[in-house]
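These notes concern the structure reproduced below.
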Amino acid sequence: MIRTVGMVLCALVPMYAQVIAQGSVRIGQWKSYTDMSAVRAATLSADSIWAATAGGVFLYQHSAGRFTTFTNSEGISSNDVTTTTIDRQGRVWIGMANGFVNVYDPTTERWTEISEIRDSNRPQKGIRCFFAVRDTVFIGTDFGIVVFIPSRWTFGDTYANFGFATQPRVNGLLVHRNTLWVATEGGIARASLSQLNLSSPTAWSRFLTGAGAASRNVTSVSVFRDTVVFGTGTGLWYYGDPFYTKPQQFEFKHVVALSPVGTSLWVLINNALGYAVETVPSLEGTPTVFASSPEEQATAMLVRGTSELWVGTTRQGLVRWTGTAWESRKPSGPRSNLFISVAVDDRGAVWGASGISDRGRGFYRFDPTLEPENQWKNFHRENYPVMASDDYYKVSVGAGGSVWASAWGYGVVEVVKDTVRRRIHATSRPSLAGAVPEDPNFVVVGSVVSDVSGGTWFVNRSAINGFYLARLTGDTTMTYFSKTVFPAEGRLTNMVVDRFGTKWVASSEPFNKPATGLVYFNENPAIVSGTQATNGWGLLTAPSIPDNNVLALALDQHGDVCVGTDAGMVLIVNPRAPHASGSIRTVRPVVGQVVQAIAVDAVNNKWVGTREGIVVTSPDGTFLLHHYTVESTGGKLIDNDIRSIAIDQRRGIVYVGTESGLSSLAIGPVQSARSYTTLEFAPNPFVLPAEQQLVITNLVLNSSIKILSSSGALVSEFSAQGGGRAFWDGRDRDGTLVPSGVYFIVAHAENGNQVTTGKVAVVRK
């Protein structure tokens with residue numbers, strides 16, 4: 001299937017049908033945020049470079065120093081982009097690991113999706129390379145070569161059998177002197193394009209470049225001085241009819257890319273220390289190192305003119321050789337696509353944590369109020385040595401504008417005013433206990449939560465001294481709470497504190513799950529019934545809750561405790577007596593599902609992250625309001641496996657963390673104002689009839705709205721729909737569209753003490 005889409009596609013949100021301007025976003029608009037530092041392929045266009053990355057595609061205009069990024073929210077089919085090229089018409093072709101091909105026309109600024117390879121029944125269908133020649137684009141894939149004819153916008157033949165013992169992946173393609181040359185993981189294949197049936201293995205000649213996977217892996221193919229040259233995992237080969245020759249000067253070198261430049265061949269090589277670019281005047285000549293780097297691995301090479309060198313890398317994006325050093329060029333973004341945990345602070349900045357087991361890349365901050373180049377800030381041990389590790393797996397918002405980021409084994413750091421202030425660990429003051437007896441310095445902190453009196457609570461996973469909970473008062477005074485009568489083992493990493501000061505604690509990581517159940521604690525045993533004899537500790541287990549693996553916790557707007565487990569979700573509607581009859585209510589739309597994240601919006605709807613997308617339920621958990629998946633959003637949700645959710649209540653934006661990046665969705669309800677300021681309307685003037693309703697914002701909780709004519713006559717009256725907003729369809733009390741004119745809008749609070757007015761112009765067509 002071939003589908004043309006705009007650069008930006010907005011998914012309609014049935015639960016909030018109104019689509020209105022909200023700064024730079026619109027309600028129902030999805031946006032993706034990804035790491036584009038891992039470049040897989042790159043191609044030159046005028047003074048620009050197109051780069052295919054693990055997080056989408058970016059265009060870098062070198063003269064202007066400007067980036068343009070494309071992700072699934074800007075019209076491409078997938079962010080896992082593997083290759084790119086530019087055809088003779090200037091169209092940009094990109095291929096994805098899942099088989100999609102997209103083509104960008106810079107004259108229309110639109111992407112066209114080609115999905116036939118993606119929709120095929122082949123088990124491996126990734127796109128690995130392109131070669132555009134005349135009116136043909138050869139597409140190298142995991143299973144062979146697919147021919148595409150752009151003038152007819154249709155597919156031609158498929159060449160899937162080159163005669164090798166197995167079906168190797170295609171790494172590179174070249175047409176030279178009417179011969180199609182193919183670099184594969186199993187060797188070299190070639191065939192004359194004059195033959196009638198290249199689908200037959202008898203049409204192909206083959207050459208194995210050595211024994212072993214590395215030797216036979218042909219990584220690249222090019223032409224130098226009318227000779228076809230191949231790079232492999234263990235050196236260089238070239239074809240001189242009728243023999244293939246391996247120059248000894250490149251023996252055992254891992255060749256990544258080849259580029260003929262003037263009278264020299266440029267060779268990109270990866271080694272144990274990093275990468276190097278070598279040049280040779282002839283195929284048997286002595287190589288000269290043009291530039292090298294002791295860091296990262298290289299993936300692509302571009303040479304403009306005879307000296308401007310660009311290299312694609314695995315972590316630094318594109319790097320340019322200045323003659324004395326490498327300069328990195330990559331779009332502003334997170335340091336990783338891993339968003340295991342997300343949180344939104346009081347300013348609306350989004351914080352994300354990356355993970356553990358050496359996958360961690362630190363943690364990151366996204367501030368949408370800043371200029372694009374400054375919106376992202378990455379925190380890692382290279383720029384903050386006090387962090388001691390990059391395995392940061394949880395972020396929490398504390399009191400007074402602080403943010404806490406928790407490391408696996410290295411304690412927790414406090415971030416104040418966008419900088420790391422300190423790390424609390426086993427030997428700091430104050431300190432927290434280690435998690436394992438054989439290494440008492442291995443401190444694993446989970447959630448950090450503020451209580452109503454300003455204290456800061458820490459969950460200390462598997463504390464060897466039994467102090468699983470600790471409370472920081474002021475800046476240095478730590479009080480510890482013992483497990484003397486603790487009802488279960490203490491591998492705990494997640495916590496919320498309810499309005500009664502009760503701490504609800506669970507082991508929320510989807511690995512090494514202890515099936516503890518839900519632990520709760522209040523230092524005042526009189527608060528929660530049944531805890532007087534256990535010094536304030538209590539425990540809920542199945543069947544009171546759906547499963548003893550508790551993966552997510554949240555508090556809703558009414559103070560109910562939301563509990564997500566491996567087998568569904570419940571609401572604890574009476575947290576002072578959790579074991580009493582009727583205290584626990586099942587959230588029916590997610591029965592049996594693995595609930596990994598929960599967030600509550602301003603109108604108390606529950607946003608539930610599962611392994612099958614996002615489920616949005618009514619406030620009481622009874623009804624399904626919406627189910628967002630990659631499929632239902634037309635590919636705008638970045639991944640169905642939801643690891644974390646946080647909501648910017650003031651702006652009305654839901655942030656969704658996955659292991660493929662961060663997605664955001666603009667929703668209708670936002671946090672209600674504490675008091676009336678100035679009413680705002682959109683659109684103004686309000687043109688009728690209209691597909692979208694007039695939106696009235698800056699409302700306090702439980703507002704009522706009156707619409708008055710210019711003479712003061714009552715036109716309509718209704719209650720605000722919630723979340724600091726109200727919607728008017730332009731009709732009077734009889735359901736008739738009102739005529740053109742100026743209308744006064746009066747908003748008053750539930751107690752009648754706050755009243756404010758505004759006016760809107762209505763234009764009736």
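Take Ala276 and decide whether it is under 38 Å from the mean Cα position of the chain (by Cα), without any contact (Cβ under 8 Å) to a residue 60 or more places away in the chain, surrounded by fewer than 22 Cβ atoms within 10 Å (Cβ to Cβ) and under 20 Å from Thr141 (Cβ atoms). Judged against the criteria, Ala276 is not a match.
At least 1 residues being farther than 23 Å from Glu185 by Cα is the threshold, and among the strands (runs of 3 or more DSSP E) wholly inside the range 235-345 those reaching it are 254-261, 264-271, 274-280, 288-293, 298-304, 308-313, 318-321, 326-329, 341-344. Residues that are at pLDDT 95 or above, open to solvent by 10 Å² or more (accessible area, probe 1.4 Å) and not in a strand (DSSP E or B) do not occur anywhere in the range 595-610.
Just one residue in the set Gly652, Gly634 is closer than 30 Å to Glu74 by Cα, open to solvent by 40 Å² or more (accessible area, probe 1.4 Å) and small (Gly, Ala, Ser); that residue is Gly634. For beta carbons closer than 7 Å, sequence separation of 6+ or different chains, a first residue in the range 27-55 that is open to solvent by less than 10 Å² (accessible area, probe 1.4 Å) and a second that is charged (D, E, K, R) and assigned to a strand (DSSP E or B), the qualifying pairs are Ala52/Arg40; Thr53/Arg40.
Scanning the range 514-523 for residues that are without any contact (Cβ under 8 Å) to a residue 24 or more places away in the chain and either open to solvent by 30 Å² or more (accessible area, probe 1.4 Å) or within 21 Å of Asn535 (Cα to Cα) (or both) turns up at least one hit.
The residues of the range 174-222 that are small (Gly, Ala, Ser), assigned to a helix (DSSP H, G or I) and open to solvent by 30 Å² or more (accessible area, probe 1.4 Å), listed by number, are Ala213, Ala214.
Within the range 713-731, the residues that satisfy the criterion of being without any contact (Cβ under 8 Å) to a residue 24 or more places away in the chain and farther than 30 Å from Arg651 by Cβ are Ala713, Leu714.
Yes/no matrix, rows are residues, columns are (1) acidic (Asp, Glu); (2) surrounded by 18 or more Cβ atoms within 10 Å (Cβ to Cβ):
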{"position": "Asn684", "(1), (2)": "no, no"}
{"position": "Val687", "(1), (2)": "no, no"}
{"position": "Ala690", "(1), (2)": "no, no"}
{"position": "Val695", "(1), (2)": "no, yes"}
{"position": "Val700", "(1), (2)": "no, yes"}
{"position": "Ile705", "(1), (2)": "no, yes"}
{"position": "Phe718", "(1), (2)": "no, no"}
{"position": "Ala726", "(1), (2)": "no, yes"}
{"position": "Asp729", "(1), (2)": "yes, no"}
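Among residues of the range 682-697 that are small (Gly, Ala, Ser), those with a beta-carbon under 6 Å from a residue that is surrounded by 16 or more Cβ atoms within 10 Å (Cβ to Cβ) and outside any loop (DSSP other than H, G, I, E, B) at least six positions away or on a different chain give the pairs Ala682/Val695.
I'd like the residue in the range 441-462 that is outside any strand (DSSP E or B) and of a type in the set (Gly, Ala, Ser) and, out of all such residues, is most open to solvent (accessible area, probe 1.4 Å). Among them, the one singled out is Ser453. For the condition small (Gly, Ala, Ser), in contact with a strand residue (DSSP E or B) (Cβ under 8 Å, 6 or more places away or on another chain) and surrounded by fewer than 18 Cβ atoms within 10 Å (Cβ to Cβ), what is the one hit in Gly592, Gly538? After applying the criteria, what remains is Gly592. Return yes when Phe339 is in contact (Cβ under 8 Å) with a residue 60 or more places away in the chain and open to solvent by less than 20 Å² (accessible area, probe 1.4 Å) and no when it is not. Against the criterion (in contact (Cβ under 8 Å) with a residue 60 or more places away in the chain and open to solvent by less than 20 Å² (accessible area, probe 1.4 Å)), Phe339 qualifies.
Take the range 53-109 and flag every residue that is among the aliphatic types (A, V, I, L, M) and under 25 Å from Pro334 (Cα atoms). If the condition is that a residue be among the aliphatic types (A, V, I, L, M) and under 25 Å from Pro334 (Cα atoms), then Ala54, Val57, Leu59, Ala64, Ile76, Val81, Ile94, Met96, Ala97 are the ones that fit.
Residues of the range 474-506 that are touching a strand residue (DSSP E or B) at 6+ places or on another chain (Cβ under 7 Å) and modelled with pLDDT under 90: Val485, Phe486, Pro487, Ala488. Yes or no: the range 612-619 includes at least one residue that is open to solvent by less than 40 Å² (accessible area, probe 1.4 Å), closer than 25 Å to Ala353 by Cβ and in a loop (DSSP other than H, G, I, E, B). Scanning the range 612-619 turns up no residue that is open to solvent by less than 40 Å² (accessible area, probe 1.4 Å), closer than 25 Å to Ala353 by Cβ and in a loop (DSSP other than H, G, I, E, B). Any idea how many residues of the range 399-440 are of a type in the set (Lys, Arg) and exposed (fewer than 14 other Cβ atoms within 10 Å of the Cβ)? Result for the range 399-440: 3.
Residue-level analysis places Gly446 among those that are touching a residue at least 12 places away in the same chain (Cβ under 8 Å) and under 21 Å from Val397 (Cβ atoms).
The values are calculated or read from the model by the stated rules, or taken from the named source; none is laboratory data. Just so you know, these numbers come straight off a predicted model, no measurement behind them. Here Cβ is always computed from backbone atoms with ideal geometry, including for glycine, and neighbour counts include all displayed protein chains. For accessibility, only protein heavy atoms count, side chains too; no ligands or nucleic acids. Shrake-Rupley method; radii C 1.70, N 1.55, O 1.52, S 1.80 Å.
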